[in-house]
Every structure is written in C-alpha cells, then in structure tokens.
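Worksheet: the structure to be examined is printed underneath.
The values are calculated or read from the model by the stated rules, or taken from the named source; none is laboratory data. For clarity, every value in this text was computed on a predicted model and none was experimentally measured. All Cβ positions, glycine included, derive from the backbone under ideal geometry; neighbour counts span all protein chains shown. Just so you know, the surface numbers come from the protein's heavy atoms only, side chains and all, with ligands and any DNA or RNA stripped out. Shrake-Rupley method; radii C 1.70, N 1.55, O 1.52, S 1.80 Å.
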Amino acid sequence: MIYQSTRHKNETVTASQAILNGIAPDGGLYTPISIPKLNITLEKLSTLSYQEVAFLVLRAFLTDFTDDELHSCINQAYSTNNFDTPVIAPIHSIGNKHYLELFHGKTIAFKDMALSILPYLMSVAAKKNHAHKKILILTATSGDTGKAAMAGFENVPNTKIIVFYPKGGVSPIQEKQMLTQNGENTHVIGITGNFDDAQSAVKQMFTNTQLAKKIAEKGYQFSSANSINIGRLTPQIAYYVYAYGQLIKHKKIQVGDTVNIAVPTGNFGNILAAYYAKEMGLPIKTLICASNKNNVLTDFFHTRTYNKNRPFFVTNSPSMDIILSSNLERLIFHATGNHAEKTAKLMNDLATTGQYTLDELSAQTFKHLVADYANETDVLTAIKSCFETHRYVIDPHTAVADIVTDRYIQHTQDHTPTIIASTASPYKFPRSVMNALGKDIDQMDDFTLIDTLETLSNIPQPQAVLSIKHASIRHQTVVAVSDMEKSVLNCL
Ligand SMILES: *Cc1c(COP(=O)(O)O)cnc(C)c1O
C-alpha cells in the first residue's frame, strides 16, 4: 500500500518509510489513498484477542512489514509488562454508553495504546530501509504524548527523544511524570509558550534542511512520534475494531448492529482512527467529535470554515487545549477526493491567513460526523453526576465526550449504542476530579488527592502514580520558543 503526502501527489512512500520519516518533506502528512477492508466476519471478530485484532488491522495497513515482524512488535507492545490488564482495553458499560478504557498502559492515558508499539515499528522500519543514522524523535506535547513517548522509547538502542511541553500548561502530575522520566536517551524541555507554539516549532524543525544537516553531522536523522505519524494512527484503529467485537461477545449488541463513537478530540488523531475503522467496514453510524472550550473543530464542522484566529484557553481538559488540529489535514485531503493540490492550497491559506474554507466538499466525508463542545463547568457536572449515579469515576477528557454524547442523544433521539473513548485515568487529573466531587482541593496536594480518590472510587492506584510519588526530578530545562532549535543541538 502506498502512502501519499496530503500536499503533493508525487510524494509517495511505503508504510515503513512513512513511519521512519514521520512527516513528508513538503510538510504534508503521509496518508493512505485507499482504505483496506476488514478482512474478517464480525462473528469471528468477537472471538479475537486484542493482539489478534491489532495484527489484523496492522496487516492491512503496514503492507511492507512481514507477518513475523508485526507479531513481534505487537507481542512486545501489548503485553502485561506494559498494560495492567490482559484485555488491554476493557469496556465499562452503563446502559447504552460503553466507556472504552484506553488508559491501562504505562502512563494511564490513551496515547500508550499507540506509543507502546511505535518504537518497535520504527526499529523494524529503520532496518528495512537500511537507515544508518540514529533516530532523533522530537515531540511537542500537551501533556500526555510526551510521557507516553518517552516511556516507549526509554533506552531503546539507537534512538534519542526530546520532548517539548508548555511550562505551566500541563497538570502537576503530568509534569512530574515527565520530569522524573528515566533513560539516558530521554530529554524533557519546558517552553515559555503554549502547545501550539511548541508544535509549530517542532514542525518547522522537521522541515528545516539546515538543521537536518547539522544533526546528520552528529549521526542523527529526525523522526516524529507525534500523532501525525502513521505508526501512531494505524494502531489506534485496532481498539475500535476490538471494541465492536467485545460488545458482541458481551451481548451488548448483535452482529451487524451499528454503533456510534464519541471521541474527546484535540489533534484529531484518535477520531481519525475511528473514521478509518468506519471506512474499513466496521458498522459505525455516527462519529461524535467532542471538544472543550477550544472549540475550533466544532465551528469547523458546523460552518466548514477553519479559523485559528481565536483566543487560546487553558482548561481542565488540558490534553485537548489545541487550536491547530494537525490530523484534520488528512480528513480534508479525503474530503477533497484525495486531491493534494487543493489540500496544499487550503493549508497554505491556513498558514498565511489563519483560516480556510472548504467550498467544494465531499458530502460523503462529513455525512457521519457531528461535533459539539463542553465548557469547564459542564465537565465538573458530568464527573459528579456519573459518579453519583453510577459510582463510576471518569476523567475530565472523557467527561467532555460524555456530555457531548448526552446532548447529541437529547437533540437527535438517536439511541444507537455509543462507544465513548475514555482517554485518561481519573488518577491523572485528581485535582479536577476531586473538585468535581466536591472536595476541598485547596487543602490537599495532588498525592493526597489521589489517596482520597482511591478511598472514594475503590479503584486501586495504578503503578504509574505509585512510581512517581517518590521519584526525583531529572529534567529542569526551560527555554524560550526561539531557543528550541539551539536546545535540540545541545542535547546531541
Ligand atoms: C491526546 C489526548 C486527547 C486528544 O486526542 P487527539 O488524538 O489529539 O484528538 C484526548 N484526551 C487525552 C487524555 C489525551 O491525552
């Protein structure tokens, strides 16, 4: 299968090259131009393990990997060394809402689902393409990607990873998770700017040929662990396919029934994976794109104008505080009928004027996508109500999707069973969660809040939390956005 840049039709590569390069040289995103069909009956699907489903999906997308290579990557990634449950992604059902818990990995957020396998895919891809240089991963994070990426790459031979995060723009637990990261090959750098500043600068560094030359002299080549890498995107398709099979297995739905999928969205990677699952033939009716107060996507889906000229809000769902939603470019590409020239023009409009408008759109692409957003008070109300009614604690990101789902059902009376992507453990955001549950949070530090949450929820504290409690800070650097490039060279 061929992956093409969203911005140039002659810019094509194999799957392994796309994983290794991360982003195309023209700044576009490598995108599959045809989506493979699910090669299995839905009855059979319900009998497969997580690893078997992952194989089925990756087999279809990563066509230049051998079966053995895929099995080896999958078995190393999706094991009980990395996840606290053998089913990897359990489902918690409340009536017609099915919370797909994607937070049972090392850093208790959904990015572990893909970042636990990416380093293995990348190592295989490097061998396959006879890359002699060491891989340098640059990542901008809004809180979760950075830690999950470092946990994945920690001490993987011939790799180095540098993570940039907005100082003051992530939760204290997220920050401590990153700053205590082990591994000789890991670096964490705070920037005095927001996530979009970090992401834009990282994108520029990737396409900066002079910088590429400088790092090549030191024996490195760039690659990206951000959600634009198809080595992240494709493993994410697997859990939606798996969830559908599990709902059959547990008699929540019957074979062939349609489901809706609601996703708390930031960079549009997770929901794009759900879109691909639908294109593969999974019986999905509607995709619900849920945003927080940074509701640029809601506006886009309602008006077809994407306008990033707007205030940036730091909210209680920080991993979704994003105004420039990178992976949307792939959906735009599909909406224009995989037309690279048109996509490139729109992205150029975005870069020069901060906005673009889709005029000729493929109605088909947008037909099954709805969007809405929730504000911070809504989030607190949803966490409280879910706990008080069902004794189930959800995190603020999941809460965003939960509210938007409830509103969608109310407005449309569409009672199709809905899979809600539960993207983080409540233990990752104890301050907001305990605030929602009416505790006096000003009196407690985060770890006291965690202990209180444990008593209240009856869910044992995950290893991810226990292990940072007494760990010491290893990373202290903070730089201005303009010094990010210099700080990269300093790490080599
Ligand atoms: C990254 C993240 C999101 C947003 O996912 P995207 O793929 O960027 O849309 C939502 N919730 C949590 C907890 C996250 O870490």
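Below is a table of values for the structure above.
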quantity: Nearest-0.05 FRET efficiency for LYS133 and GLN476, computed from C-beta distance (R0 25 Å); calculated: 0.30
quantity: Cα-based reach from LYS203 at 12 Å (exclusive), listing aspartates and glutamates while leaving out same-chain residues under 8 positions away; calculated: ASP26, GLU485
quantity: Spherically averaged projected area of segment 219-268 from its Cα convex hull (nm²); calculated: 5.0
quantity: For segment 1-66, diffusion coefficient by Stokes-Einstein and Kirkwood Rh (Cα), 4 °C, 1.567 mPa s, µm²/s; calculated: 99
quantity: Projected label distance in nm at THR66 and GLU454, using a 7 Å step from Cα toward the beta-carbon; calculated: 4.6
quantity: Reach of LYS133 by Cα under 19 Å, taken over aspartates and glutamates that are not fewer than 8 positions away in the same chain; calculated: GLU154, GLU184, GLU217
quantity: Mean shadow area of segment 83-169, taken as a quarter of the surface of its Cα convex hull (nm²); calculated: 7.7
quantity: Listed peptides 90-100, 228-238, 327-337 by packing density, highest first (mean Cβ within 10 Å); calculated: 228-238, 327-337, 90-100
quantity: Listed residue pairs exceeding 27 Å between alpha carbons, taken from LYS308/LYS367; LYS111/LYS439; LYS9/LYS147; calculated: LYS111/LYS439; LYS9/LYS147
quantity: Extension gain from GLN76 to ARG59, taking 0.36 nm per residue of separation minus the Cα-Cα distance; calculated: 4.5 nm
quantity: FRET E, pair THR12, GLN410, Förster distance 41 Å, beta-carbon r, rounded to 0.05; calculated: 0.35
quantity: Computed E for ASP26/THR357 - FRET, C-beta separation, R0 22 angstrom, nearest 0.05; calculated: 0.50
quantity: Volume in Å³ per residue [convex hull over Cα atoms, computed for segment 321-450]; calculated: 153
quantity: Percent carbon-and-sulfur accessible area, segment 1-130, ignoring ligands, DNA and RNA, probe 1.4 Å; calculated: 52
quantity: Solvent-accessible area, 1.4 Å probe, carbon plus sulfur percent, for segment 144-248; calculated: 46
quantity: Length added when fully stretched, THR192-PHE301, from 0.36 nm per residue minus Cα-Cα; calculated: 36.1 nm
quantity: Relative contact order (percent, whole number), the chain, Cα cutoff 8 Å, 6+ residue spacing; calculated: 19
quantity: From the C-alpha gyration tensor of segment 98-141, square roots of 5λ in Å; calculated: 28, 12, 7
quantity: Kirkwood-based shape ratio for the chain, expressed as Rg/Rh from alpha carbons; calculated: 0.93
quantity: Positive-end residue, segment 152-214 charge dipole about Cα centroid, Cβ charges, pick of GLY168, HIS187, ALA212; calculated: ALA212
quantity: Cα-Cα separations in segment 323-377 greater than 17 Å, expressed as whole percent; calculated: 42
quantity: Between segment 441-492 and segment 15-49, the Cα center-to-center distance that results, in Å; calculated: 33
quantity: Packing-based order for 394-401, 415-422, using average beta carbon neighbours within 10 Å, highest first; calculated: 394-401, 415-422
quantity: Distance in nm between pseudo-label sites at THR258 and ARG310 (7 Å out along the Cβ direction from Cα); calculated: 2.8
quantity: Listed peptides 59-71, 186-198, 118-130 by packing density, highest first (mean Cβ within 10 Å); calculated: 186-198, 118-130, 59-71
quantity: Scattering curve values for segment 1-158, log₁₀ I(q)/I(0), Debye with Cα scatterers, q = 0.13, 0.21 Å⁻¹; calculated: -0.71, -1.51
quantity: Dipole of segment 185-314 [Lys/Arg +1, Asp/Glu -1 at C-beta], most positive-end residue of VAL202, GLN254, VAL241; calculated: GLN254
quantity: Sparsely packed trypsin sites (Lys or Arg not before Pro) within segment 383-492, loop by DSSP, other Cβ within 10 Å at most 11; calculated: ARG391
quantity: Probe 1.4 Å, accessible area per residue of the chain, Å²; calculated: 38
quantity: Gain upon complete extension [SER467, LYS384; 0.36 nm per residue less C-alpha separation]; calculated: 27.1 nm
quantity: Residue (of ALA344, ILE332, ASN82) at the positive-pole extreme of the chain, dipole from beta-carbon charges; calculated: ALA344
quantity: Per principal axis, descending, Cα span of segment 221-336 in whole Å; calculated: 46, 39, 33
quantity: Proximal lysines relative to LYS134, as straight alpha-carbon distance under 18 Å, when same-chain residues fewer than 8 apart are discounted; calculated: LYS160, LYS213, LYS214, LYS218
quantity: Viscosity 0.692 mPa s, 37 °C: Kirkwood-radius Stokes-Einstein D of segment 385-481 over Cα pairs, µm²/s; calculated: 210
